[in-house]
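Working notes, structure below.
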There are 2 protein chains.
Amino acid sequence: MLKGQQTWKFQHPPVIIGTSAIVGPEEGQGPLATDFDLIHEQLDLQEQTWEKAERKLLEQATHMAITKANLTANHIDYFIGGDLLNQIISNSFAARSLNMPFIGVFGACSTSMESLALAALLIDSGNADYALAATCSHNCTVEKQFRYPTEYGAQKPPTAQFTVTGAGAAVISSRGTGPRVTSATIGKVMDMGLKDPFNMGGAMAPAAADTIRTHLHDTGRKPEDYDLIVTGDLASVGHPIVKDLLKKTKIYIDNTTFNDCGLMVFDIEKQAVQAGGSGSACSAVVTYGHILKRMNKGELKRVLIVATGALLSPLSYQQGESIPCIAHAVSIEMD
Amino acid sequence: MLKGQQTWKFQHPPVIIGTSAIVGPEEGQGPLATDFDLIHEQLDLQEQTWEKAERKLLEQATHMAITKANLTANHIDYFIGGDLLNQIISNSFAARSLNMPFIGVFGACSTSMESLALAALLIDSGNADYALAATCSHNCTVEKQFRYPTEYGAQKPPTAQFTVTGAGAAVISSRGTGPRVTSATIGKVMDMGLKDPFNMGGAMAPAAADTIRTHLHDTGRKPEDYDLIVTGDLASVGHPIVKDLLKKTKIYIDNTTFNDCGLMVFDIEKQAVQAGGSGSACSAVVTYGHILKRMNKGELKRVLIVATGALLSPLSYQQGESIPCIAHAVSIEMD
């Protein structure tokens with residue numbers, strides 16, 4: 001490797017052979033509804049607790065991705081996943097029922113691309129034939145854990161974001177045809193001192209800008225080399241900031257090329273989602289549902305997914321800490 | 001790879017070029033005291049909160065491991081780490097000050113070997129020259145988060161374990177001489193239905209047995225091929241169980257070869273630690289402090305560290321769930 005690089009360039013780019021995107025009712029009324037594999041009309045999925053509903057979303061998504069890859073669970077060599085819940089219980093409990101070697105990760109809302117990057121590394125290095133990357137989030141578990149139980153009906157400022165209820169999964173393989181994971185850029189933790197947990201997009205924007213800049217530097221690419229560059233969940237407050245930050249270092253990404261999963265998953269003019277979507281599932285369902293469908297249709301050739309994560313906890317906030325953020329980028333390309 | 005294997009056999013086994021083990025007062029009175037690099041006499045490390053004290057332990061350990069490797073922070077390509085706190089804030093905040101590309105992981109007390117395995121994979125696959133793996137735990141943060149604040153003075157049953165206050169870190173490299181990370185076995189989640197969070201050792205024993213069995217199968221090795229096999233933190237309840245479970249599948253490990261970090265770090269007859277040590281730091285400080293010192297002295301040639309983790313959360317326990325457990329094993333060998 002070249003010293004000082006943060007990007008893994010895969011020599012044998014793994015193929016994404018099966019994906020799934022399952023969402024809740026609010027996402028099912030958004031502009032990407034037709035791209036999702038399953039839309040739950042009820043937030044509780046007929047489970048006794050929100051946490052069990054979230055786990056069920058993940059279990060459904062992982063099984064669906066495996067089925068769509070024409071495989072069964074025992075073909076999968078490694079499952080890599082994480083979520084926002086304390087001790088990533090959605091993934092740990094799903095891993096119990098999946099009965100696969102499990103690598104638990106935590107990157108908050110950047111988990112989608114952290115897990116996909118590691119899965120691709122396992123395939124590329126010859127240590128796996130098939131790997132599963134997945135993540136999930138649920139609006140009610142996250143509100144309860146990080147803010148207030150939704151039953152309180154607490155008001156929110158317009159900079160707040162709406163956690164996506166959903167789960168996304170991808171099965172990748174050393175063989176096959178289709179979209180390939182060609183490189184992954186692992187981000188550094190950035191913290192500009194913002195302390196407001198109701199403005200995550202603003203807090204995460206510098207991490208996204210840094211990772212995009214690093215990715216372009218490490219790969220020698222320009223923004224024009226991509227048909228689409230999406231940030232994870234910066235939404236209407238954070239996405240303009242990342243554009244400004246990139247402009248300051250003379251990186252210009254055309255508006256038609258640059259988007260944000262938090263802005264894509266909801267219609268922020270019509271839906272009561274404040275600044276837009278967030279949560280681990282946000283970039284996962286947009287990527288594994290919408291973007292990969294567009295790639296498979298031939299509408300997009302090269303995309304860069306820059307999943308962003310705010311690494312705070314309620315306790316770190318209560319202790320007066322600012323919000324450390326990170327972004328991991330994965331490039332996906334059609335042959 | 002061979003189908004169905006869970007073990008990464010490194011073609012270019014990374015060298016462990018610098019380690020550190022920093023502990024608190026109780027560990028400093030245990031039998032391994034002389035092997036630790038720094039013993040804090042005060043649990044608070046002069047910080048305002050237990051969480052900030054835990055983070056300080058980790059920051060000190062990472063800086064010390066880098067210094068002992070004769071490097072500076074900007075040589076390190078990737079930092080891989082996690083801890084027991086919600087949203088792994090000790091590691092995320094330490095990653096902010098370390099300013100390195102960061103891969104956050106969660107494996108509860110198995111994090112020590114999960115992070116070392118991934119660090120070794122990065123080196124072996126040619127994606128890094130130097131990688132840092134680290135973890136930490138603090139008795140007071142963990143008691144507060146998972147059980148009761150220590151200030152309550154709650155009583156405990158004898159099956160309970162005492163969370164190690166400490167941090168351990170390792171810098172590994174593609175070059176150099178010394179102990180090498182030769183393979184890593186990634187565990188599956190096992191759950192035999194135990195629900196008692198005051199008997200973690202019993203809950204984790206089946207995961208340890210499964211990973212040891214898988215490691216021996218995948219590598220074609222016998223227990224006698226190792227000078228030492230240690231489980232992470234099964235302590236006096238769980239360690240006899242793992243022996244029994246292994247015997248049932250005709251795997252016999254000699255008592256002089258088989259030990260447990262939770263039994264090694266404390267004198268369970270003399271110290272008020274119930275069944276023994278636990279916590280992410282337990283296997284980390286015993287491995288990076290004691291075991292690697294013995295390897296460097298030539299007393300041990302081949303060791304297998306089987307770090308165990310209980311993947312529950314207080315919420316999963318409150319919702320009546322049993323305790324899913326995992327174990328990841330890493331073999332370390334002298335040239």
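The values are calculated or read from the model by the stated rules, or taken from the named source; none is laboratory data. This one's a predicted model, so the numbers in the text were calculated from it and none came from an experiment. Heads up, the Cβs are rebuilt from the backbone with ideal geometry, glycines too, and the neighbour counts pull from every protein chain shown. Note: areas computed on protein heavy atoms with side chains; ligands, DNA, RNA excluded. Shrake-Rupley method; radii C 1.70, N 1.55, O 1.52, S 1.80 Å.
For segment A:65-81, does any single residue satisfy the condition of being touching an Asp or Glu at 6+ places or on another chain (Cβ under 7 Å), modelled with pLDDT of 95 or more and either aliphatic (A, V, I, L, M) or open to solvent by 30 Å² or more (accessible area, probe 1.4 Å) (or both)? No, because not a single residue in segment A:65-81 is touching an Asp or Glu at 6+ places or on another chain (Cβ under 7 Å), modelled with pLDDT of 95 or more and either aliphatic (A, V, I, L, M) or open to solvent by 30 Å² or more (accessible area, probe 1.4 Å) (or both).
Given the criteria within 18 Å of the chain's Cα centre (by Cα) and either over 18 Å from residue A:262 (Cα atoms) or polar (S, T, N, Q) (or both), does residue A:16 qualify?
Working: within 18 Å of the chain's Cα centre (by Cα): yes; either over 18 Å from residue A:262 (Cα atoms) or polar (S, T, N, Q) (or both): yes.
Answer is yes for this residue.
Every listed requirement among (1) touching a Gly at 6+ places or on another chain (Cβ under 8 Å); (2) outside any helix (DSSP H, G or I); (3) open to solvent by 40 Å² or more (accessible area, probe 1.4 Å) is met by residue A:252 save one, (1). Among the helices (runs of 4 or more DSSP H) confined to segment A:41-158, the ones with at least 1 residues that are within 9 Å of chain B (Cβ to nearest Cβ) and free of Cβ contacts under 8 Å to residues at least 12 places away in the same chain are located at A:50-68, A:89-98. Screening the candidates B:196, B:244 for the property of being more than 27 Å from residue B:21 (Cβ to Cβ) and either assigned to a strand (DSSP E or B) or without any contact (Cβ under 8 Å) to a residue 24 or more places away in the chain (or both) yields one hit, B:244. Could you tell me which residue of segment A:292-307 is surrounded by the fewest Cβ atoms within 10 Å (Cβ to Cβ), considering only residues that are part of a loop (DSSP other than H, G, I, E, B) and among the charged types (D, E, K, R)? Per the stated criteria, the residue is A:297.
Given the condition among the aliphatic types (A, V, I, L, M) and within 14 Å of another protein chain (Cβ to nearest Cβ), answer yes or no: does some residue in segment B:270-277 qualify? Within segment B:270-277 (the criterion being among the aliphatic types (A, V, I, L, M) and within 14 Å of another protein chain (Cβ to nearest Cβ)), the answer is no, since none of the residues qualifies. Mind listing whichever residues of segment B:179-196 are surrounded by fewer than 17 Cβ atoms within 10 Å (Cβ to Cβ) and either within 30 Å of residue B:75 (Cα to Cα) or within 13 Å of chain A (Cβ to nearest Cβ) (or both)? B:192, B:193, listed by residue number. Residues in segment B:6-40 that are within 14 Å of chain A (Cβ to nearest Cβ), surrounded by fewer than 19 Cβ atoms within 10 Å (Cβ to Cβ) and part of a loop (DSSP other than H, G, I, E, B): B:11, B:12.
Hey, does segment A:221-239 have a residue that's among the acidic types (Asp, Glu) and in a helix (DSSP H, G or I)? Checking segment A:221-239: at least one residue is among the acidic types (Asp, Glu) and in a helix (DSSP H, G or I). When you look at residue B:316, is it in contact with a helix residue (DSSP H, G or I) (Cβ under 8 Å, 6 or more places away or on another chain), among the small types (Gly, Ala, Ser) and without any contact (Cβ under 8 Å) to a residue 60 or more places away in the chain, yes or no? So residue B:316 fits the description; yes.
Taking first residues from segment A:322-335 that are open to solvent by 10 Å² or more (accessible area, probe 1.4 Å) and partners that are among the acidic types (Asp, Glu), the Cβ contacts under 7 Å between residues at least 6 apart in sequence or on separate chains come to A:322/A:191. Selection over segment B:159-178 of residues that are under 30 Å from residue B:122 (Cβ atoms), more than 14 Å from chain A (Cβ to nearest Cβ) and of a type in the set (Ser, Thr, Tyr) gives a count of 3.
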